[in-house]
Amino acid sequence: MILKILSLLLRYPDDEILSSRKEIARAARGLPPSEAKDRVLRFLEGWLRSSPEELRSGYVETFDFRGKNCLYLTYFRFGDQRVRGQALAELKELYGRAGYTLATPELPDYLPLVLEFADARPDLGLPLVAGYRSALEVIRKALGQAGSPYALLVEALICLLPEVGEEDLEEARRLIAHGPPRETVGLEPYGPEMPPPQKIEYGRSR
C-alpha cells in the first residue's frame with residue numbers, strides 16, 4: 001500500500017488526486033509503523049493544508065523533464081541518447097509480460113507509474129526501482145537542497161530499498177557533477193503506442 005500512496009503523492013495534483021486527499025491520508029495513517037511512514041506523514045502535514053493552486057504551482061515549479069528534479073528514471077542513466085528509447089521499450093515490454101496495461105500518456109519510466117507497477121507486482125517492480133537507485137539519490141539530494149517537501153517522499157521510497165552500494169553512489173556522484181549523457185532525440189514513439197522493443201538491460205537489480 002505504501003508504494004501506491006507514494007505513487008499518488010508524486011503525481012501532478014489534478015482534480016482526481018485532490019478529491020481523494022482524505023482517503024490518501026487515511027490510508028497513510030493506517031500503514032504499519034516505519035521510517036517510510038513517518039516521512040509520508042510529515043509530507044502530508046503541509047500537503048493537506050495547502051490549496052489546490054498552491055499544490056499545482058508548487059509541483060510545476062519543483063519537477064521538470066530534464067534536470068536533477070526529473071521523475072523519468074531512464075533519463076539519469078541515458079540522458080537524451082537514442083539508447084534511452086530502447087530502455088523505455090524494454091520497460092513497456094516488462095509491463096506487458098506482467099499483464100500491466102499502460103493506460104496513460106506518460107513514458108513508462110515515470111516514477112509514479114513505476115511505483116504503481118511495483119505496488120501491483122512487487123516481485124518485478126521493487127528490483128526495477130532498486131536498479132535506478134543512483135537516480136533516486138540524485139533526485140533526493142536535489143529536492144533536499146531546494147528545501148522541497150517532496151524530498152520526504154523520495155526518502156520514504158529509499159527506506160524501502162536495500163542499502164545503497166558503492167557502484168550506485170559513484171554513479172550518483174557522477175550524475176550530480178556532470179549530468180546525464182546528451183544526445184537530442186525524439187521520445188514520442190516510446191509512450192503507450194511505441195514499436196516492438198529491442199533487448200537491453202533497463203536497470204541493475206539488487
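The values are calculated or read from the model by the stated rules, or taken from the named source; none is laboratory data. All values derive from a computational prediction rather than experimental measurement. Neighbour counts run over all protein chains shown; Cβ positions are idealised from the backbone, glycine included. Quick note on the areas: whole protein, heavy atoms, side chains included, nothing else; ligands and nucleic acids left out. Shrake-Rupley method; radii C 1.70, N 1.55, O 1.52, S 1.80 Å.
Listed conditions (1) of a type in the set (A, V, I, L, M, F, W, C); (2) closer than 19 Å to E155 by Cα; (3) at pLDDT below 95 are all met by L102, apart from (2).
Would you tally the residues in the stretch 34-61 being of a type in the set (G, A, S) and surrounded by 19 or more Cβ atoms within 10 Å (Cβ to Cβ)? Talk me through it step by step, then tell me what you get.
Going residue by residue through the stretch 34-61, those that are of a type in the set (G, A, S) are 34, 36, 46, 50-51, 57-58.
Add one more test, that the residue is surrounded by 19 or more Cβ atoms within 10 Å (Cβ to Cβ), and what stays is 36.
Result for the stretch 34-61: 1.
Just need a number here: residues in the stretch 71-106 that are open to solvent by 30 Å² or more (accessible area, probe 1.4 Å) and touching a residue at least 60 places away in the same chain (Cβ under 8 Å). Steps first, answer last, please.
If we filter the stretch 71-106 for residues that are open to solvent by 30 Å² or more (accessible area, probe 1.4 Å), which is where we start, we get 77, 81-83, 86, 92-93, 96-97, 99-101, 103-106.
Adding the requirement that they be touching a residue at least 60 places away in the same chain (Cβ under 8 Å) leaves 77, 81-83, 86, 92-93, 103-106.
Of the residues in that region, 11 qualify.
Looking at the stretch 90-112 only, could you name the residues that are of a type outside the set (D, E, K, R) and within 20 Å of A130 (Cβ to Cβ)? L91, L94, Y95, A98, Y100, L107, P108, Y110, L111, P112, listed by residue number.
Looking only at the stretch 84-114, how many residues end up being part of a helix (DSSP H, G or I) and of a type in the set (S, T, Y)? Don't jump to the end; show me each part of the working.
Just the residues of the stretch 84-114 that are part of a helix (DSSP H, G or I), to begin with: 84-97, 111-114.
Then drop every residue that is not of a type in the set (S, T, Y), which leaves 95.
Residues flagged as part of a helix (DSSP H, G or I) and of a type in the set (S, T, Y) within the stretch 84-114 amount to 1.
Residues that are small (G, A, S) and within 13 Å of L41 (Cβ to Cβ) within the stretch 145-164 comprise just one, A156. Residues of the stretch 20-72 that are assigned to a loop (DSSP other than H, G, I, E, B) and among the hydroxyl-bearing types (S, T, Y): S20, S34, S50, S51. Kindly indicate whether any position in the stretch 62-70 is closer than 20 Å to F117 by Cβ and open to solvent by 10 Å² or more (accessible area, probe 1.4 Å). Within the stretch 62-70, one or more residues are closer than 20 Å to F117 by Cβ and open to solvent by 10 Å² or more (accessible area, probe 1.4 Å).
Among the residues of the stretch 21-31, not a single one is of a type outside the set (A, V, I, L, M), on the phi < 0 side of the Ramachandran plot, in contact (Cβ under 8 Å) with a residue 60 or more places away in the chain and surrounded by 15 or more Cβ atoms within 10 Å (Cβ to Cβ).
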